[in-house]
1. Report, ordered by chain and residue number, the aspartates and glutamates lying within cross-link reach of LYS117, taken as a straight Cα distance under 20 Å and ignoring same-chain residues fewer than 8 apart.
2. How far apart, in nm, are the 7 Å Cα→Cβ label points at SER25 and ILE116?
Amino acid sequence: VEKFKAKRFDAPANLFITTTGVIVSIVAIISILEIFDYSKVINIEIFALSGGVLSMVFAFIFKSIIESFFASLQMYLSDMLRIGDRIKCEALSIDGYVSGFGFSSIDFQNLDNSNIKVPARDLIEKTF
């Protein structure tokens, strides 16, 4: 299977950079609002508390996606899979090669040339 190159995927690294940029931007906006004394117009404490509550609601709603993202991150950091690795897992009906990675899923091409996209969380839970 020479069409696949064994390389490490860098999607989580790009996500780290984007997430860090968003966090720095939010902190910068809050700092600028405090410096220019906009606390009379916008109550920063209520803004921060409502952001915390919204993040908990989103975490509850997107629980499986978040778990799959961290499973994908675990695979990335421990270097479990590379593109071109052969995988056989009866529980997920996978018998083929790794063809790609996403933030929360892994793409496989079976030996019969069918493509399967499996959540990374399922791959970690059902294979061990």
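1. Of all the aspartates and glutamates, those that pass the test against LYS117 - Cα under 20 Å, at least 8 places apart if same chain - are ASP10, GLU67, ASP79, ASP85, GLU90, ASP95, ASP107, GLU125.
2. According to this spin-label approximation, the distance is 3.8 nm.
Since every read-out is calculated from the coordinates, none of them should be taken as a lab result. Keep in mind that what you see is a predicted model, and the values were worked out from it rather than measured. Don't worry about glycine lacking a Cβ; one is built from the backbone with ideal geometry, like all the others, and counts go over all protein chains shown.
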